[in-house]
Amino acid sequence: MKLEGEYLFNGPREEVWKLVRDPDVLATALPGTQSLNKISDTEFEGVMHLKIGPMAGDFSGRLVVSDEVPPESCTLTVDGKGAVGFGKGVGHVQLIAQADGKTLAKYTGDLTVGGKLASTGQRMIDTVSKSMVRQGLEALDKALQARVAAQAEDRPVEYKPPTETEFAGAVAKDVAGGVLSSPEARMALYVIPGITVLVILVLILSRCR
Amino acid sequence: MTTKYVGQRVTRNEDPRLLTGQALFVDDVDLPGMLHAAFLRSDYAHARFKSIDATAARNRPGVVAVYTTEDMGAFWKPGPLLVPAPHSIKDVIFNQRTQIPMARAGDKVRHVGEPMAVVIAESRYIAEDALVDAVVDLEKALEPGAPLIHDELGTNLASYVRQEKGNYVQARAQADVVIQRRIVVDRGVAAALENRGYVVQWNAKEQELTMWATTQAPIALRNLLSATLGISENQMRVIAPFVGGGFGPKIMACQPEEVLLGWATMKLNRPIKYIEDRRDNFLATTMERSQIHDVEAVLTRDGRILGLKDVFIHDTGAYNPYALTVPLNTQTHTMGPYEIPNFHTEFKVVFTNRMIVTPVRGAGRPQGVFVMERVMDLAAKELGLDPVEIRRKNMIPADAFPHEQGIIGQDFIPLVYDSGNYPATLEKAKAMIGYDTFVKEEQPRLRAEGKHVGIGVACFTEGTAVGPYEGARVTVESSGKVSLVTGVGTQGQGHFTSFAQIVADQLGVDVRDVRVVTGDTAQFHWGTGTFASRGITVAGNAVNAAAASVRTKILKHASKALGAPEEELEIVNGQVRVADIPEKSISLSELAARANPMRGSVEPGTEPGLESTQYFGPKYGATAAGTVAMIVEVDPETMMVEIKRYVIAHDCGTVINPLIVDGQVHGGVSMGIGQSFYEKLIYDENGQLLNASFADYLLPRSTDMPHVEIGHLCTPSTLNPMGSKGVGEAGAIPTPACFVQAVENALADYKLEILETPLSPNRLFEFLHGT
Amino acid sequence: MTKQFPITVTVNGVRYEKTVEPRMLLVDFIRHELGLTGTHVGCEHGVCGTCTVLLDGEPVRSCLMFAVQANGHEVRTVEGLGTIDKLHPLQEAFREAHALQCGFCTPGFLMTLVPFLEENRTPSEEEIREALAGNLCRCTGYQHIVEAVKLASQKMGVKP
């Protein structure tokens, strides 16, 4: 499955980097992260617990950053597994500084899914993944703006990350009308975010040096 | 002997129980202390299975045991070969790789759904593994350097078979026209409404294993599984109760689930139940159809086929326990009802990382028919001939039977058509659909109105009723009622009624007074199973023979009892009486009691009771045949196809129960329509099945089905006393070929050439817009 | 130990008081807790209609409901339709028209048809096929089922 898009962050590249250098910030910025461990400069391990509607569960993943050309681009390889299946993705990210101090992030990716997710969740995958990527980026952008504002005013960061429920509610709205006819399709709603959120994580993590 | 029941539309004996929820299906079995099994199945199509850690699962409350291949120890071994390779064909290559009970840590998993562990009670968990490239493309699988499914083989070639009738090369040299095409048929599932299910119970004190199974082959299952488990056949009982549809995959025996459940129940000494869920069924129950054909036909200018060359690749999935039944059927059914003097046919069977391929209603025949019928249509277009005319021209004439077709089939002997009148089926279908009127008047008129309507006509033969044999035992009980036991199972074919009709006519009793038992190895343990449209012919003739034998005994005893010669006796309503003197009679009940005295003495050599066990094995399979015609309307905007009329002229020899035969034809047609336009398994390049649910794999619904009009013809089979032939697969075999022809005809202004099945609205869109 | 909930369900006129896990499906409750095995399971994702029962007179997919949702409600299954000795006219019609082969999907069809025929005693072929479009059958191709419904509507007569 191909994943691609653009997102405009409301902050300079350096701040985007700093924000995500801190795994603790990320962990609270993205709902459901139970742990996010740096194994090395280029390798991260994480466990997401996601709750969307009545469905909840764990999804463990590994991220590897490669082909870094700081501060422009890098390649991310994601490997995630859960009870409902697995996902493997390769993504390429480009950060372009904008004249007004913002950062344009361009991303393309290829995601392979297998297991229950693939066999019964097909009609969910496209919509849900796009929704999750959009929301994830929005959440990170909000965290970025809070940090930038705090720095400007020299005060602590005021940032309230979206709750799992809010996150899930927004996905559900995007998928509005889609009938979740199987437990597996419903599971797709939290595994896909798991994968895509991890993609986002590394998307920005890769800028941490 | 009067035929009161055979040939009549007798309503079914078994229906009241099925209609009121009082019929036993496997999942209804409930035993004290019963545990439940679940199988951990591979999410990967092709991966190295590094290790498995069952600790967490074993510690979960409610889990009684978790078994991996390590626990199985020396018990682990590849399963039995269910169908032998055809050694009667010269130079066959056959690389046997039968199904293994579980993937082994340290080895590989070879298809999504392959079992890796079995849990008895709850919890599933995942094993660690690494992904290896999956093999899904049939042709790429044979290229050097392709990832190997079975590394030790050094190739993905599972088998190679070549057969030749006549001399194709010579025929080609003499032909006026050569037609060459690649034709593709793709995968679908049987999708019986009842998934596979088992309840196994080992009783250590009695040293006996009982297994309720949704099987089409209870006897084969008992024999093979008891051998696998190291117990005597006599220690194991397999019961196939009412089964919610078979359609082929349930003929498998010694499947991983069966082996593991049998082993586990003996280990734990507790009953265990496993009922597949629908996703497991899509992934781990056998399926069918993928083939790629490169066909070449050579003809004279006036449309006579001089020769046919068909080279095809057949997908067997990750293992090949059912050997070559499906592709052999394809070979024999390509010729169909036509005289093909020179025929070169060869196939390669390929291992892929998909589920195993074994017969599904049609069992390789639809592919052969699809190829031949497409060739006919292409030739008709090329030569400017009417599609019906070119078929008639090439048909085997009605006086040419028995007709040797010179190719060896699924029963390992050369194909011979016993009887048939193919031109008559063509004429009948043509008349029923009003072919001439449609083509000359209706179609032009509707086309002028802007409608895209088309007509298709397809002819086929259907090899049925193959051996080796079946058996039956008929017993008149002291109540006067009759018991019939046979080894085949029943999955909706109406055996409880059709077999009873045969017995009732022979023994002069009410059809409702014949109690039929099928599928219980404790009651009958010789036979092979329900497959290849053989139940009514092979088992039915055994039933007929057994009943006839009991009738002889009855008359012999009655003759003595009544003091009248046997020729003067008749049996009516359970009474044996002297014709013309009805008062001189004795009841079957009385005769049965007398034949089994509780005390006293008998003449030495006397057999007790009014009972007989007989077997029937035909010399070869009876060939049924037919012609299908349909009229469709295509909406070129929505790509939806509406079947306006569906007509089938079918010849299955002597008909025992027309109501049941009609039902079988309807059912086959619905599967055929499914496989034409609604059903297709979609795999991605990693071997993941993407539509493993009814939400995404579409079965035809009541609103998708046309009204099927059936015309019966009858050329009795010369191979069995009843003259019957099979009919179970009839509707499924020719339908895709006819559908494609009709759709092409409907879209004639687009000048399409459709060489594949199944189609779909998406695919039609691609055809129309040249993508 | 998962929490258990007490529920009261009336099935075919009989009141049952049971304690169940919240995630127990209604179809599993009917089949295994109550032993009414006439209702069958075909797909567990609400597409095939084999598990159809009547909940307060309306057809529902019992594989998509939890037993706890039926608390305080009335359920009618195929066992409540007729008996072997006294078949409901719909069941009789099915038998006469050979509208069942393996019989696995049949209870689902029957329970879908009961309210349908209550509302529409003289359905056309098109209306019948529409009404049955939510039930899958792999054996019959539906033709004899449609005929059975026509036959049943004749047997049952016009609503008084």
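The values are calculated or read from the model by the stated rules, or taken from the named source; none is laboratory data. What you see is a predicted model; the values in this text were computed from it and never measured. Cβ atoms come from the backbone with ideal geometry, glycine included; neighbour counts cover every protein chain shown. For the accessible areas, the whole protein counts, side chains as well, though only heavy atoms, and no ligand, DNA or RNA atoms are used. Shrake-Rupley method; radii C 1.70, N 1.55, O 1.52, S 1.80 Å.
Which of the residues that make up region B:1-58 are open to solvent by less than 30 Å² (accessible area, probe 1.4 Å) and part of a strand (DSSP E or B)? Within region B:1-58, B:Leu35, B:Ala37, B:Ala38, B:Phe39, B:Leu40, B:Arg41, B:Ala47, B:Phe49 qualify.
Just one of the listed residues (C:Gly157, C:Gly141) is buried (at least 21 other Cβ atoms within 10 Å of the Cβ) and among the small types (Gly, Ala, Ser), namely C:Gly141. Residues of region B:522-550 that are open to solvent by 20 Å² or more (accessible area, probe 1.4 Å), outside any helix (DSSP H, G or I) and more than 16 Å from B:Tyr620 (Cα to Cα): B:Ala522, B:Gln523, B:His525, B:Trp526. Checked against the criterion of being in contact with a helix residue (DSSP H, G or I) (Cβ under 6 Å, 6 or more places away or on another chain), away from chain C (no Cβ under 14 Å) and either under 17 Å from B:Asn657 (Cβ atoms) or among the β-branched types (Val, Ile, Thr) (or both), the candidates B:Val474, B:Val485, B:Val466 yield just one match: B:Val474. Of the strands (runs of 3 or more DSSP E) lying entirely inside region B:167-286, those containing at least 1 residues that are within 27 Å of B:Arg17 (Cβ to Cβ) and open to solvent by 10 Å² or more (accessible area, probe 1.4 Å) are B:197-203, B:208-213, B:236-239, B:272-275. Is one or more of the residues making up region A:19-33 modelled with pLDDT of 80 or more, open to solvent by less than 50 Å² (accessible area, probe 1.4 Å) and under 30 Å from B:Ala692 (Cβ atoms)? For region A:19-33, residues modelled with pLDDT of 80 or more, open to solvent by less than 50 Å² (accessible area, probe 1.4 Å) and under 30 Å from B:Ala692 (Cβ atoms): absent. When B:Gln99 is tested against (1) free of Cβ contacts under 8 Å to residues at least 24 places away in the same chain; (2) part of a loop (DSSP other than H, G, I, E, B), just one condition goes unmet, and that condition is (1). Can you find a residue that is in contact (Cβ under 8 Å) with a residue 60 or more places away in the chain, closer than 30 Å to C:Thr39 by Cβ and not basic (Lys, Arg) anywhere in region B:1-12? Within region B:1-12, one or more residues are in contact (Cβ under 8 Å) with a residue 60 or more places away in the chain, closer than 30 Å to C:Thr39 by Cβ and not basic (Lys, Arg). Strands (runs of 3 or more DSSP E) fully within region B:593-664 that include at least 3 residues being open to solvent by 10 Å² or more (accessible area, probe 1.4 Å) and under 21 Å from B:Gly471 (Cβ atoms): B:610-616.
Looking only at region C:107-121, decide whether some residue is part of a loop (DSSP other than H, G, I, E, B) and either more than 8 Å from every other protein chain (Cβ to nearest Cβ) or in contact with an Asp or Glu (Cβ under 8 Å, 6 or more places away or on another chain) (or both). Yes - at least one qualifying residue is present in region C:107-121. If you check B:Tyr67 against the conditions, is it touching a Gly at 6+ places or on another chain (Cβ under 7 Å) and open to solvent by 10 Å² or more (accessible area, probe 1.4 Å)? So B:Tyr67 does not fit the description; no. Against the definition (within 18 Å of B:Ala192 (Cα to Cα) and more than 8 Å from every other protein chain (Cβ to nearest Cβ)), how does B:Ile673 come out, yes or no? Yes; evaluated as a whole, the condition is true for this residue.
With a requirement of 1 or more residues that are farther than 30 Å from B:Arg515 by Cα and either aliphatic (A, V, I, L, M) or open to solvent by 50 Å² or more (accessible area, probe 1.4 Å) (or both), the strands (runs of 3 or more DSSP E) lying completely within region B:386-496 that satisfy it span B:403-408, B:414-417, B:452-464.
In region C:92-104, the residues that are open to solvent by 10 Å² or more (accessible area, probe 1.4 Å) and at pLDDT 95 or above form no Cβ pair under 9 Å with any partner that is among the hydroxyl-bearing types (Ser, Thr, Tyr) and outside any loop (DSSP other than H, G, I, E, B), whether six or more places apart or across chains.
Taken over region C:1-51, the residue count meeting the criterion of being assigned to a loop (DSSP other than H, G, I, E, B) and within 20 Å of the chain's Cα centre (by Cα) is 21.
Within region B:731-767, the set of residues being open to solvent by less than 30 Å² (accessible area, probe 1.4 Å), assigned to a helix (DSSP H, G or I) and not small (Gly, Ala, Ser) comprises B:Thr735, B:Pro736, B:Cys738, B:Phe739, B:Val740, B:Gln741, B:Val743, B:Glu744, B:Leu764.
Scanning region B:287-334 for residues that are among the charged types (D, E, K, R) and either under 30 Å from A:Leu117 (Cα atoms) or in a strand (DSSP E or B) (or both) yields B:Glu288, B:Arg289, B:Asp294, B:Glu296, B:Lys309, B:Asp310, B:Asp315.
Among the residues of region C:4-54, those that are small (Gly, Ala, Ser), at the interface with chain B (Cβ under 10 Å from one of its Cβ atoms) and in contact (Cβ under 8 Å) with a residue 12 or more places away in the chain comprise C:Gly38, C:Gly42, C:Gly46, C:Gly49. Restricting B:Lys451, B:Lys440 to those that are out of contact with any strand residue (DSSP E or B) (no Cβ under 8 Å at 6 or more places or on another chain) and more than 30 Å from B:Ala546 (Cβ to Cβ) reduces the list to B:Lys440. Just so you know, in region C:69-84 the residues that are touching a strand residue (DSSP E or B) at 6+ places or on another chain (Cβ under 9 Å) and open to solvent by less than 20 Å² (accessible area, probe 1.4 Å) include one that is nearest to the other protein chains (Cβ to nearest Cβ), and it is C:Val78.
Here B:Val503 fulfils each of the conditions (1) open to solvent by less than 40 Å² (accessible area, probe 1.4 Å); (2) within 14 Å of chain C (Cβ to nearest Cβ); (3) modelled with pLDDT of 95 or more apart from (2).
A single entry from B:Pro337, B:Pro327 fulfils the requirement of being buried (at least 24 other Cβ atoms within 10 Å of the Cβ), over 21 Å from B:Ala158 (Cα atoms) and outside the structural domain of B:Gly456 (by TED's automatic domain parsing): B:Pro337.
Taking the conditions exactly as written (in contact (Cβ under 8 Å) with a residue 12 or more places away in the chain and within 30 Å of B:Asn745 (Cβ to Cβ)), does B:Glu346 satisfy them or not? No.
Within the option set A:Thr112, A:Thr108, A:Thr120, being open to solvent by less than 20 Å² (accessible area, probe 1.4 Å), modelled with pLDDT of 70 or more and among the hydroxyl-bearing types (Ser, Thr, Tyr) holds for one residue only, A:Thr120.
Among the residues of region A:94-105, are any of a type in the set (Ser, Thr, Tyr), at the interface with chain B (Cβ under 8 Å from one of its Cβ atoms) and farther than 15 Å from A:Glu4 by Cβ? The answer is no, given that none of the residues of region A:94-105 is of a type in the set (Ser, Thr, Tyr), at the interface with chain B (Cβ under 8 Å from one of its Cβ atoms) and farther than 15 Å from A:Glu4 by Cβ. Every condition in (1) under 21 Å from C:Val27 (Cα atoms); (2) of a type outside the set (Asp, Glu); (3) touching a residue at least 40 places away in the same chain (Cβ under 8 Å); (4) facing another protein chain (nearest Cβ under 10 Å) holds for C:Ile145 except the one numbered (1).
Within region B:304-333, the residues that satisfy the criterion of being among the hydrophobic types (A, V, I, L, M, F, W, C) and under 17 Å from the mean Cα position of the chain (by Cα) are B:Ala323, B:Leu324, B:Val326, B:Leu328.
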